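What follows is a set of notes on a single structure, which appears directly below.
Read the figures in this text as sums done on the coordinates, not as results from a lab. Since the structure is predicted, the reported quantities are computational estimates derived from the model, not experimental observations. Reconstructed Cβ throughout: ideal geometry from the backbone, glycine too, with neighbour counts over all protein chains shown.
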Amino acid sequence: MTQPEQPKFRVGHESDAWCGPCKRISAHIVIAMVDGIPKQVLCQSCGSRHNYRLEAGRSGPGGPGGGKPVVESRKLSPTEQHARKKQEELVVLSKELAAATEVRPFVRREVYKAGQIIEHPEYGRGKVENARRDTIMVRFSTGLKSLLIS
């Protein structure tokens, strides 16, 4: 049995990560790695340098908030609620793509089914959402892409 393929991280390459200052998943440049996993990243949106993570951090018992979850004091607008929901969906997708053990390389003349995880040479890993005779719709961490397969 072959080993599951791990995401290919390299110093200087782009990867999606959680940015605390931006409060969302955004594009980052990997600037330090430990054992093949990003350790430090540089946000391309706000320029902050921080530890690599795929979801929001939580304060520990000694940190601010005493380990209690942060509660927002105001109700979110519909736009903010939509943005938060999209962000949560992106975190779930990122975890699913990173944990996938059966990843097919993208080949134009192949047949794909909804739910399969593929590895595209330009866009990276993605999940097939809809498969038709000549195109597939694939959700990548950067968004939904239509790919020709015939």
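As an exercise, use a Förster radius of 30 Å and the Cβ-Cβ distance of R133 and Q87 to find the FRET efficiency, rounded to the nearest 0.05. Rounded to the nearest 0.05, the efficiency is 0.35.
Note on K127: aspartates and glutamates with a C-alpha under 18 Å away, same-chain residues under 8 apart excluded, are E5, D16, E88, E89, E96, E102, E110, E119. Relative contact order for the range 8-56: 35 percent, from Cα pairs under 8 Å spaced at least 6 residues apart, divided by residue count. Remark: the T101-R53 segment gains 15.2 nm on full extension, using 0.36 nm per residue and subtracting the alpha carbon distance.
Sparse packing (at most 11 other Cβ atoms within 10 Å of the Cβ) combined with a DSSP loop state is found for the following trypsin sites (Lys or Arg not before Pro) in the range 88-150: R108, R109, K113, R132, R133. Placing a label point 7 Å from the Cα of F9 along the Cα-to-Cβ direction, the residues of the range 80-103 whose backbone N falls under 20 Å from that point are 90-103.
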